[in-house]
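Comments concern the structure below.
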Amino acid sequence: MIRVTVWNENVHEKTDERVRAVYPDGLHGAIAAALREDPELEVSTATLDEPEQGLPDEKLNATDVLFWWGHAAHDKVEDALIERIAMRVREGMGLVVLHSGHYSKLFRRLMGTGCRSKWWEKGDKERIFTILPGHPIAKGLPESFTLPCEETYCEKFDIPTPDEVVFIAWFSGGAVLRCGDCFHYGNGKIFYFQPGHETFPTYHDENIRRVLRNAARWAASVGVPPMSYGKHEPFE
Ligand code: ZN
């Protein structure tokens, strides 16, 4: 089993009726429900308003893959927690950063760049192209698929050159974006995936839900032995 924790700041759900209408169980609830369709994923949720901001050591140490949705409360996440998560990723925990999480302290800390893009919220149609069809995160996805409405993010997206770009997006407002990007950080794998604005039903879309499940499996490093570092006897 792959132990997945879906973390959500859970702010818009409490303050915006439109978000509650689309995600009555919260964004974390919808993301977790998508992941639970894979019986090999053992899924739990965590939110910012819980003790230790939802991720005490016992929880983090028992997580193989962490999903991260944040937007309005990036600054409320304590630096010490960011460092603990970064260390876990370094050790091999997988991380899937969703949508506006691109500007979270966590993602900027791990990327080492500004992580900003141009953006507008006009409900553009988004067409997503699967440009690495053999990649594990692309398994079962069509050559391209559309979302009727999404918030638009546009290049230049200020990230380091990804190790792999699995998906690129075109938006009807004239934008393009590397919208599904893989990185390695220490022993851990990181996937950034742009779709998922809080007022649009993106996480109810079957293709998006499949990407989430594939990403959980790809990012997991279950059973991989830890690396050893430091002074060592010569091998020969
Ligand atoms: Zn958004």
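Within segment 50-94, the set of residues being within 11 Å of GLU9 (Cα to Cα) and buried (at least 18 other Cβ atoms within 10 Å of the Cβ) comprises GLN53, GLY54, TRP68, TRP69, GLY70, HIS71, VAL77. Here are GLY196, GLY173: which of them is within 16 Å of the ligand (Cβ to nearest atom), in contact with a helix residue (DSSP H, G or I) (Cβ under 7 Å, 6 or more places away or on another chain), in a loop (DSSP other than H, G, I, E, B) and touching a residue at least 40 places away in the same chain (Cβ under 8 Å)? Of GLY196, GLY173, the one residue that is within 16 Å of the ligand (Cβ to nearest atom), in contact with a helix residue (DSSP H, G or I) (Cβ under 7 Å, 6 or more places away or on another chain), in a loop (DSSP other than H, G, I, E, B) and touching a residue at least 40 places away in the same chain (Cβ under 8 Å) is GLY196.
Applying a threshold of 6 Å to beta carbon distances and a minimum spacing of six or more residues, or different chains, the list of pairs starting in segment 92-116 at a residue that is assigned to a loop (DSSP other than H, G, I, E, B) and ending at one that is within 13 Å of the ligand (Cβ to nearest atom) and aromatic (Phe, Trp, Tyr) reads CYS115/TYR103. When the test is whether a residue is aliphatic (A, V, I, L, M), at pLDDT 95 or above and in a loop (DSSP other than H, G, I, E, B), LEU132 passes it.
The values are calculated or read from the model by the stated rules, or taken from the named source; none is laboratory data. Fair warning: this is a prediction, and the values are worked out from it, not measured in the lab. In this analysis, Cβ positions are derived from the backbone assuming ideal geometry, glycine residues included, and neighbour counts consider all displayed protein chains.
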